[in-house]
Each structure stands twice: as C-alpha cells, then as structure tokens.
Protein chains: 2
Amino acid sequence: MQASEIRVFCPATIANVSCGFDVLGLALDSVGDEMVVRKTQEKGIKIIKLTGQDLPTETLQNVAGVAGLALLAAFDYNGGFEIEIYKKIKAGSGIGSSAASSTGAVWAMNQLIGKPFTPLELVKFAMEGERLASGVAHADNVAPALFGGFTLVRSYQPLDIVKINTPKELFATVIHPQIEVKTSDSRRILKTTISLEDGIKQWGNVGGLIAGLFTEDYDLIGRSLEDHIVEPIRSILIPGFDSVKQKAIEAGALGSGISGSGPSIFALSKGEVAAKKVANAMSEVYDKIGIDYDIHVSKVNAEGIKIL
Amino acid sequence: MQASEIRVFCPATIANVSCGFDVLGLALDSVGDEMVVRKTQEKGIKIIKLTGQDLPTETLQNVAGVAGLALLAAFDYNGGFEIEIYKKIKAGSGIGSSAASSTGAVWAMNQLIGKPFTPLELVKFAMEGERLASGVAHADNVAPALFGGFTLVRSYQPLDIVKINTPKELFATVIHPQIEVKTSDSRRILKTTISLEDGIKQWGNVGGLIAGLFTEDYDLIGRSLEDHIVEPIRSILIPGFDSVKQKAIEAGALGSGISGSGPSIFALSKGEVAAKKVANAMSEVYDKIGIDYDIHVSKVNAEGIKIL
C-alpha cells in the first residue's frame with residue numbers, strides 16, 4: 001500500500017555558480033526546508049500550515065500550490081493534497097527558497113501517487129512555481145534541488161538537464177546579508193546583450209568548471225569560478241560584495257560569487273575545515289560594516305530532496 | 001646523445017566544434033602534415049623545403065618560421081634549425097593547416113633541445129604562427145594539435161588549457177569544398193555583441209558537450225553540438241552548408257557544424273562505420289551541386305603530434 005503522507009527535506013540551492021548564469025546549480029546538504037505532504041479526498045491543493053516565513057498560503061499565491069496544481073493537471077487523480085511547509089530558508093535570500101518549496105511539493109506528491117512522473121517532468125511542474133516567484137520559469141535552482149549535486153540545464157527548449165559529478169570534498173559557504181534584493185529587480189538590471197569577447201570567457205569557464213568537477217581538479221574548479229557578465233552588474237546591489245569575495249579567497253576559498261540573484265554570497269572550498277575558515281573571514285566583513293547576516297557551511301548534497 | 005633530426009606527424013584539427021567558438025578543438029588521426037626538423041650550427045630558422053602547397057618559405061612569412069623564432073627567443077641556444085614541411089593539409093581549408101605547421105615546428109624543436117619547455121609554453125610559441133596566419137593569436141587549433149584529443153582553452157589571459165576525455169568510438173568526418181574562405185574574412189563578418197539569451201544557450205551546450213565527453217554519453221554529445229552564435233552567420237559563406245549538415249544528421253551523425261572558420265564542414269559520429277556512411281551522405285550533396293571536395297574520415301586522435 002502506498003503511504004498517504006510523507007515528510008521531506010528540500011535543500012537550499014546555489015544557482016549560476018559564477019560562470020553558469022541560468023544553467024548551473026548545486027544543492028546544499030545542511031540548509032533546507034521541511035514539508036509534509038498528505039493525500040486528501042478533496043480535490044486540489046491546500047497549504048494548511050506555513051511556518052518560519054511570512055508567505056501567502058492561498059494555493060494560487062504559493063509556489064508549492066502552483067507547482068502542485070501543474071502536476072495535478074497532468075494526472076488523472078480523484079483526490080488532492082494538503083501541504084505543511086516548515087520554512088527554514090529565508091525568502092529572497094538567493095539560495096532557492098521558492099525552488100525548495102515547489103520542488104519539494106511535486107517530488108513528494110509524485111512519491112505518494114506511485115511515481116508516474118520522471119524527474120524531468122517534475123522539474124517542469126516545479127518551474128511553474130518559479131514563474132510565480134520571479135516571473136521567469138527558470139530551472140537552475142529546481143534542477144539541483146531535485147537531482148542533487150551539481151546540475152546543468154543544457155537547454156530550456158527542449159528542457160535538457162544533465163547531472164554533473166560532485167567531488168566529495170566540495171563544501172559551500174553561504175552568507176546572507178539581511179538586505180532585500182528582489183529576483184525580478186536583479187534580473188531587470190541585466191543587459192540583454194553581451195560582448196562576444198565576454199561570452200567566449202564565460203563558455204570557457206563553464207567548460208573548465210564542468211571538466212574540473214568530473215576530474216575532481218579543485219584548482220581548475222577554482223580558476224573557472226569567474227563571471228565577467230552578471231557579477232559586475234548585480235554585485236552593485238550587494239553591499240560589501242567585493243570585500244566578502246576577496247576575504248573568502250584570501251582565506252583559502254577556491255572561488256566566490258553571487259548565489260543566484262543574490263544577495264547571498266557563496267564560496268566553494270576543498271574540505272569542511274577550509275569552508276569554516278572562509279565562513280569566519282566572510283562574517284568579519286559584515287561584522288565590521290554592521291550588517292546582520294546568516295551564514296551556512298554545507299557539503300554539496302549529492303542526493304537532492306529526501307524522505308525524512 | 002640527443003637526436004639532431006626528427007620527423008613528426010602534425011595532425012589536422014577541428015576548432016570551435018559547434019558550441020565552443022574560440023575555446024574547443026579536437027585533433028584528427030589520419031589527416032595531417034609531416035615535418036622534418038634538423039639542428040644546424042647556423043643560428044635562426046630556415047624553411048629549406050615545402051611541398052604540397054604553394055606557401056611562402058621566407059622564415060618571417062612562414063608560420064613554422066615565426067613560431068620557431070618565438071621559441072628561439074626564449075631559449076639560450078648557440079645554433080638554429082632547418083625545417084622541411086610536407087603539407088597534406090590544404091591551407092585555408094579550416095582544419096588547422098597553419099596550426100599543424102607552427103605547432104609541429106616548436107614541438108619538434110623542443111624535443112631536439114632536451115624538452116626545456118612545457119606544453120603550455122609551446123602553445124604560446126605556436127600561437128605566434130597563428131597570429132601571422134589570421135591576425136589573431138588563437139589557440140583552439142594549436143592546443144589539440146599539441147595535446148591530442150579534445151581540448152578546452154578555458155582562458156586566454158592567463159592561457160589555461162584543459163585536456164578533455166575523448167570517447168574511444170568518436171569519429172570525425174570532414175568535407176572540404178574547394179572554395180576559398182579567408183580566416184580573416186570569416187572573423188570580420190562576426191558581430192562583436194551577442195544576445196544574453198544566445199549566450200546562455202551557448203554555455204549550456206559547452207557544459208553539455210564537456211559532460212558528454214567525460215561520461216562518454218554520445219547522445220548528450222550530439223544534443224550539445226549546437227551553435228546559435230557563429231554558425232548562422234558564417235554558414236552563409238559556405239555553399240550547400242545547410243544541406244550537407246542535414247544529410248549528415250539524417251545519415252546518423254551525432255551532430256555537424258563548421259570546422260574552424262570554414263569552409264570545411266565536420267560531423268561527429270559514433271564508430272567508423274557510421275562516420276563513413278555520413279561521409280557518403282555529405283559527398284552526395286556536393287556531387288549534386290557540382291563542387292569539388294576532399295573528404296576525410298578519422299578517429300579523434302588522442303595523442304597529438306608524434307614522432308614518425
């Protein structure tokens with residue numbers, strides 16, 4: 001008999017990862033939401049509880065609700081679901097808060113109805129949640145939340161997601177300064193054209209990063225964590241960005257950049273000891289400036305969403 | 001005692017490989033030049049023989065001469081070299097004719113003087129030959145000629161070259177229609193800006209291609225062989241391009257595109273039988289149009305330049 005209720009961990013995610021704007025992402029291990037999803041006789045989706053963040057619970061206003069409805073619309077099912085969301089990821093922090101909720105919802109629903117949908121189909125449903133959150137149905141947070149590890153969105157039309165090898169000693173440090181940057185704002189300031197020269201640098205770095213991940217060459221990973229296109233523009237919205245990045249690298253990080261559309265800043269390091277040292281160095285910058293922050297140190301999570 | 005003379009095979013190469021403009025390249029196995037490089041007491045470089053193509057033999061007008069002088073300028077050596085070049089690659093064909101000569105010269109010289117230079121340093125010397133040939137010191141043909149297999153130029157400043165895994169069953173078909181397209185012309189028609197949207201597609205495909213090469217996923221390699229940026233513009237200069245590409249894919253090629261700056265068109269296939277079938281399909285198009293052509297089927301060469 002299938003379970004009628006499931007409790008899942010929905011990981012936070014870092015999208016873009018410097019060079020991979022709109023295509024690369026990775027899942028975190030120790031940072032994420034919890035959700036309980038339960039079958040109901042009543043049709044449709046109800047968000048019956050949402051703690052930890054002040055977010056709408058009306059189905060059509062909630063990313064998990066919208067993603068869940070997208071799944072239901074593709075499935076002949078004489079019932080519905082109720083969802084409890086225990087948010088630990090702050091909305092607007094740039095570490096995939098909306099993706100965690102929308103992906104968690106559809107992943108859990110799929111488990112409860114006998115897994116009729118492929119992971120790729122679940123990504124498509126969850127992207128509807130992303131469309132509600134930011135106006136754009138991007139997949140670079142949804143994909144790593146669902147597949148775990150590093151993921152590449154090779155193409156959006158048709159959607160093609162590639163799981164990338166994740167070196168075992170790769171740790172992420174993420175610092176979230178308590179300032180608000182809306183995803184929609186941080187997309188709007190981007191230019192719609194780039195120079196061919198910067199483009200060449202960017203695809204060279206994406207190639208280098210993917211090669212470094214497969215060969216577990218940490219130096220190459222570090223050298224490839226460059227972004228000549230988005231970071232120079234978006235970093236203007238993040239106070240202290242240049243100092244935080246510089247201190248992270250001085251403290252031994254392989255590289256550092258903006259997490260998703262910010263304002264969180266991530267760094268990747270080889271090993272947990274290094275990642276913690278980097279966390280101290282990043283924290284000191286905001287301690288000095290006097291900006292409150294959350295900070296996380298996490299292994300890169302190779303499995304994605306999981307049952308608790 | 002070191003040899004005073006060496007005969008080398010200098011492979012032809014396919015640069016760009018659809019999505020990797022200016023960064024990706026691969027070496028061919030059965031297509032290439034031969035060179036004899038010999039130590040002399042006289043200082044400097046002399047091209048004493050050049051067969052197969054009508055190319056200048058004055059040292060400063062010849063890519064092997066210029067590359068060789070770049071090496072000599074970095075080395076305290078009380079002598080020089082004479083070079084015989086047996087061209088089998090046609091100049092201007094788009095399969096790395098100039099890179100084969102300049103890379104072959106510096107690789108052979110380095111062997112004869114006890115290998116004081118690293119492969120990366122040799123790439124830099126050979127790039128001076130590329131600067132003479134096309135006005136731009138690009139490395140995307142030189143790197144695969146020297147390292148073999150697939151290579152990625154992650155960065156030009158500083159120069160950073162990454163060797164990529166080459167799946168064993170990967171074969172290339174290259175057809176060279178006998179029309180002239182100058183590298184300098186085919187660079188000039190490119191736009192200096194691209195849309196961010198096309199950029200995202202391009203770095204998604206580069207990531208997919210690198211991942212496909214490491215995981216030996218031939219389907220993924222095929223899906224990633226797309227170029228939304230350069231091919232739509234440059235293919236205008238190549239008569240029959242769209243038909244040749246379409247017929248190659250219909251015949252079973254994983255993908256097809258412009259080799260370097262053209263006019264050669266390449267296709268990649270899984271296995272030699274498929275690559276030969278693709279060769280027939282590509283040939284038929286030029287047979288019908290009535291354009292003369294050379295056609296090559298070759299394994300991807302994993303070792304690069306070698307001593308004969």
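The values are calculated or read from the model by the stated rules, or taken from the named source; none is laboratory data. Note that the structure is predicted; figures quoted are calculated from it, not measured. Methodologically, a virtual Cβ is constructed for each residue, glycine included, from the backbone with ideal geometry; neighbour enumeration extends over all protein chains shown.
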Item to complete: Working only within the stretch B:237-246, note down all residues that are assigned to a helix (DSSP H, G or I), surrounded by fewer than 22 Cβ atoms within 10 Å (Cβ to Cβ) and touching a residue at least 12 places away in the same chain (Cβ under 8 Å).
Response: B:237, B:241, B:243
Worksheet entry | Exclusive hit being of a type in the set (Lys, Arg) and either crowded, with 23+ Cβ neighbours inside 10 Å or modelled with pLDDT under 95 (or both), set A:223, A:234 | A:234
Item to complete: Scan the stretch A:140-161 residue by residue and report those that are more than 9 Å from chain B (Cβ to nearest Cβ) and of a type in the set (A, V, I, L, M, F, W, C).
Response: A:142, A:143, A:145, A:146, A:147, A:150, A:159, A:161
Discussion item. Given the criteria under 20 Å from residue B:20 (Cβ atoms) and out of contact with any Gly (no Cβ under 7 Å at 6 or more places or on another chain), does residue B:213 qualify?
Written reply: yes
Item to complete: Return only the number of the condition from (1) more than 7 Å from chain B (Cβ to nearest Cβ); (2) without any contact (Cβ under 8 Å) to a residue 12 or more places away in the chain; (3) surrounded by fewer than 16 Cβ atoms within 10 Å (Cβ to Cβ) that residue A:215 does not satisfy.
Response: (3)
Worksheet item: Which of (1) out of contact with any Gly (no Cβ under 8 Å at 6 or more places or on another chain); (2) assigned by TED's automatic domain parsing to the domain that holds residue B:100; (3) touching a residue at least 12 places away in the same chain (Cβ under 8 Å); (4) over 19 Å from residue A:223 (Cα atoms) does residue B:178 not meet, given it meets every other one?
Response: (2)
Practice prompt. Within the stretch B:28-49, count every residue that is touching a Phe, Trp or Tyr at 6+ places or on another chain (Cβ under 7 Å) and among the hydroxyl-bearing types (Ser, Thr, Tyr).
Written response: 1
Item to complete: Hey, could you check the stretch A:247-276 for residues that are assigned to a helix (DSSP H, G or I) and within 23 Å of the chain's Cα centre (by Cα) and say which is surrounded by the fewest Cβ atoms within 10 Å (Cβ to Cβ)?
Response: A:272
Worksheet item: Counting residues that are within 14 Å of the chain's Cα centre (by Cα), which strands (runs of 3 or more DSSP E) fully inside the stretch A:68-164 reach at least 2?
Response: A:150-156
Worksheet, complete the sentence: Expected single match for within 11 Å of chain A (Cβ to nearest Cβ), assigned to a strand (DSSP E or B) and surrounded by 20 or more Cβ atoms within 10 Å (Cβ to Cβ) among B:194, B:210, B:229 is B:194
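Looking only at strands (runs of 3 or more DSSP E) that lie completely in the stretch A:1-59, which have at least 3 residues being crowded, with 24+ Cβ neighbours inside 10 Å and away from every other protein chain (no Cβ under 14 Å)?
Those strands (runs of 3 or more DSSP E) span A:5-15, A:24-40.
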Worksheet item: For the stretch A:131-146, how many residues are touching an Asp or Glu at 6+ places or on another chain (Cβ under 9 Å) and crowded, with 24+ Cβ neighbours inside 10 Å?
Response: 5
Worksheet entry | Residues located in the stretch B:68-117, provided they are farther than 26 Å from residue B:16 by Cβ and either touching a residue at least 60 places away in the same chain (Cβ under 8 Å) or among the small types (Gly, Ala, Ser) (or both) | B:68, B:73, B:74, B:79, B:80, B:108, B:109, B:111, B:112, B:113, B:114
Worksheet item: Restricting to the stretch A:131-158, what's the tally of residues that are touching a helix residue (DSSP H, G or I) at 6+ places or on another chain (Cβ under 6 Å) and among the charged types (D, E, K, R)?
Response: 1
